Amino acid sequence: MIKAVIFDMDGLLVDSEPVWDRARKSMADGAGKAWTADDHKALMGVSTAEWADYMIERLDLDMTREEVVDEVVGRMIAMYREGVPYLPGAIDAVDLAGARYRTALASGSHPALIEAVMADEAMRGRFEIIVSGDEVARGKPAPDVYLETARRLGLEPEECVCLEDSGNGIRAGANAGMRVIAVPDERFHPAGDAAAVADVVLGSLTELTPEHFSGS
């Protein structure tokens, strides 16, 4: 029996992927390197340490991990202050879940970005538990962030359903043993067979119904 609904944030609730891409691409431009769609897809859903290390190696940056993170995250927060770009159906989906189940957030995003979104009036106080990928050993597609979220909820993974957009995130939820609702962004569709491991695949959060949570 499903007792909790766990949401991803980037690319699912918040249309952050184009903003991430702009922030990283501007750093690549400064380093005289090209930043490709493949680079962007490789970093969707991973932890802060993983994407910072990837950028340092990929762009041959003479910067520390902390400096790269501060640069990119600072640009992101500035953009969010102008208005959080929620995806269609995001707020209604959280409302739908919250009316029936306990709700949590499990995001690979930087804690400062999670805080910036959760401080927004539309999302403030909506989630019982919030876990950042930076709080666990491995980022998605490892199941760590979802297993930790279930642990903090006091539930077994099979009592939770997670909603994800990226291939790494979909695999993380499946690897944790949770029911997975995939909502892939057509602009960054999961590579390979990632969507095939989901229990439900939706075109948008606007399609979400209570039956999708339980499978009934």
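The values are calculated or read from the model by the stated rules, or taken from the named source; none is laboratory data. For clarity, every value in this text was computed on a predicted model and none was experimentally measured. Glycine gets a Cβ as well: all are built from the backbone with ideal geometry, and neighbour counts include every protein chain shown.
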Matching option when the condition is surrounded by 22 or more Cβ atoms within 10 Å (Cβ to Cβ), within 19 Å of Leu96 (Cα to Cα) and not assigned by TED's automatic domain parsing to the domain that holds Val46, among Glu207, Glu159, Glu164: Glu164
Flagged in the range 2-52 as closer than 21 Å to Gly139 by Cα, acidic (Asp, Glu) and not in a loop (DSSP other than H, G, I, E, B), in numbering order, are Asp10, Glu17, Asp21, Asp38, Asp39, Glu50
For the range 107-135, what are the residues that are touching a residue at least 24 places away in the same chain (Cβ under 8 Å) and assigned to a loop (DSSP other than H, G, I, E, B)? Gly108, Ser109, His110, Asp120, Ala122, Met123, Arg126, Phe127, Glu128
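Search the range 53-81 for residues being of a type in the set (Asp, Glu) and in a helix (DSSP H, G or I), and hand back the single one that is nearest to Cys162 (Cα to Cα). Give the derivation first.
Filtering the range 53-81 for residues of a type in the set (Asp, Glu) gives 53, 57, 60, 62, 66-67, 70-71.
Next, from what is left, pick out any that are in a helix (DSSP H, G or I): 53, 57, 66-67, 70-71.
On the way: Asp53: 27, Glu57: 32, Glu66: 30, Glu67: 32, Asp70: 29, Glu71: 30 Å.
In this case the residue turns out to be Asp53.
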What number of residues within the range 194-208 satisfy the criterion of being closer than 15 Å to Gly89 by Cβ, outside any helix (DSSP H, G or I) and not aliphatic (A, V, I, L, M)? 2
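Results for (1) touching a Cys at 6+ places or on another chain (Cβ under 9 Å); (2) acidic (Asp, Glu), shown as yes or no for each residue.
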position: His110; (1), (2): no, no
position: Gly125; (1), (2): no, no
position: Ala137; (1), (2): no, no
position: Pro143; (1), (2): no, no
position: Tyr146; (1), (2): yes, no
position: Gly154; (1), (2): no, no
position: Ala196; (1), (2): no, no
position: Glu211; (1), (2): no, yes
position: Ser216; (1), (2): no, no
